[in-house]
Amino acid sequence: MERRKVPQDAACSTYGGHRKLVYAVDDDGHYTGVQSLGWEAESEVTRLAIEEFEALRDEAWLRAHHGLTSPLEVHMYERRMDLPLLAGASGIWRWRVRRHFNPKRFARLSPRLLRRYAEALGLDVATLKQLPPRRSSSS
């Protein structure tokens, strides 16, 4: 993309009033950093992704409330992570993370494993073990 064609859509709320560094080609044909306010397409895709994570979080919360999944799954979606991302961030294989969604298995996790999950999710262990308050998708 050419430097002068970098999107500058100030109406987009994706960056929360901040700018994003993108790379574009200058007049001499060299790549250079350019500040962007965002653009409508990126803003819409970001909004849809956030809505999807909120829906997944709400569904997981209902399952956890009924004892069908562990708080781990709810916290994962709350932090806008999916299974592969949580597995990578915690260093725990995907199949093991999936098993830890089982409430009985989750309740028996070692303090070491709980700390790994808590660190990956940016939580303390006590918070990780608790089902967070229910939030509506509009939050």
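Bear in mind that the values in this text are calculations on the coordinates, not laboratory data. Just so we're clear, the structure is a prediction, and the values are computed from it rather than from any experiment. Please note: Cβ atoms are built from the backbone with ideal geometry, for glycine as well, and neighbour counts cover all protein chains shown.
Can you pull out every residue in region 22-35 that is in contact with a helix residue (DSSP H, G or I) (Cβ under 9 Å, 6 or more places away or on another chain) and of a type in the set (S, T, N, Q)? Steps first, please.
Here is the first cut: in region 22-35, the ones in contact with a helix residue (DSSP H, G or I) (Cβ under 9 Å, 6 or more places away or on another chain) are 24-27, 32, 34.
Listed by number, the list holds a single entry, THR32.
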**Study point:** Hits in region 101-121 (condition: crowded, with 18+ Cβ neighbours inside 10 Å and closer than 19 Å to ARG80 by Cβ)
**Key:** PHE101, TYR117, ALA118, ALA120, LEU121
Point to revise | Given (1) out of contact with any Asp or Glu (no Cβ under 8 Å at 6 or more places or on another chain); (2) of a type in the set (Lys, Arg); (3) assigned to a helix (DSSP H, G or I), number of the condition ARG63 does not satisfy | key: (1)
Study note, to complete from the structure: Flagged in region 19-50 as of a type in the set (S, T, N, Q) and part of a strand (DSSP E or B), in numbering order, are THR32, GLN35, SER36
